[in-house]
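See below for the structure under consideration.
The values are calculated or read from the model by the stated rules, or taken from the named source; none is laboratory data. On a predicted model such as this, the values are computed, not experimentally measured, just so you know. Here the Cβ is made from the backbone with ideal geometry for all residues, glycine too, and neighbour counts use every protein chain on show.
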Amino acid sequence: MVLATSFLLCILLLLLVLVVWGAAALNGDDTGQAASIAAISLLAIAACVAGYWRHFQYGLGIAEKKRTPIYGNSRRSTVETLEKLFDYLGRRTAPAAYYYDRRGRRRAVHRRHFYGRLRGLLLSEVASDRAIVLPPHGFWFSAQIYVDAEPEDIIRALKVRPSSGGRPKEYDYEAMLLAVIEHPALRAIDPDEYRAETKVMDLIRDRCEPSDEHGNDIPVPENTRLRQFAKDIIAAVKINRGAR
């Protein structure tokens, strides 16, 4: 957005310089070299801004391979699926992607747009986001980007299994914590010892999953999330024991 604003500002200032230069010429005034120097400088700045943006988005030369994307804090599974989609749409044999301008004319989305660093914005629901990475045809952008294919065909081509679980599963961490708090096994764990986190994880599974010793049936997350929860418990244990 900063680059786009700078580019437009340079163009507007250039037009202003040309208007002043033309008005002075019509009145017979001599502006000297100031107007020409200003016009050339603004043109050079605008060209540098456009060149930098092009390099940032696609790199040098012809855009024939994908740049490293920027997705923020998206889940890995989501990023992998999106990358499969952009790789598929970037092929010459893929179905055409397009949108409509304000006059109702169909305009193609060039394959290179699926290689840009900000290609994720092409799927944004906000038209102004897509305007950042699409060319300014008429300074107006459609509400949607279309693909000449059915969603089922794309899913089959990507070999992606649609998620049937909806939102990510939420776990009752409070119930897990209450199941192990003040447990003798937890008090016996030294937070500074090797494999302390693993011991806490084993304790949580032992106290939350169904067994003959208790009637608990608390769903336990996968190892990555469970280890993070165990880290939080170990950190709290260190603080509480250090305060004694």
Q) How about the range 95-130: which of its residues are closer than 25 Å to L60 by Cβ and part of a loop (DSSP other than H, G, I, E, B)? A) V109, H110, Y115, G116, R117, L118
(Q) Considering only residues that are surrounded by fewer than 16 Cβ atoms within 10 Å (Cβ to Cβ), of a type outside the set (K, R) and over 13 Å from L134 (Cβ atoms), which ones fall in the range 94-115? (A) A96, G104
Q: Select from the range 35-53 the residues that are surrounded by fewer than 16 Cβ atoms within 10 Å (Cβ to Cβ), free of Cβ contacts under 8 Å to residues at least 40 places away in the same chain and more than 15 Å from G22 (Cβ to Cβ) and list them in ascending order.
A: I37, I40, S41, L43, A44, A47, C48, G51
Q: Confirm whether G72 is at positive phi, without any contact (Cβ under 8 Å) to a residue 12 or more places away in the chain, of a type outside the set (D, E) and loosely packed, with under 12 Cβ neighbours inside 10 Å.
A: yes
Q. Are any residues in the range 215-238 farther than 25 Å from D190 by Cβ and loosely packed, with under 14 Cβ neighbours inside 10 Å, and if so, which ones?
A. G215, D217, P219, E222
(Q) Tell me whether the range 80-88 contains one or more residues that are aliphatic (A, V, I, L, M) and either touching a helix residue (DSSP H, G or I) at 6+ places or on another chain (Cβ under 6 Å) or at pLDDT below 85 (or both). (A) no
Q: Would you mention how many residues in the range 139-163 are surrounded by fewer than 10 Cβ atoms within 10 Å (Cβ to Cβ) and modelled with pLDDT of 80 or more?
A: 2
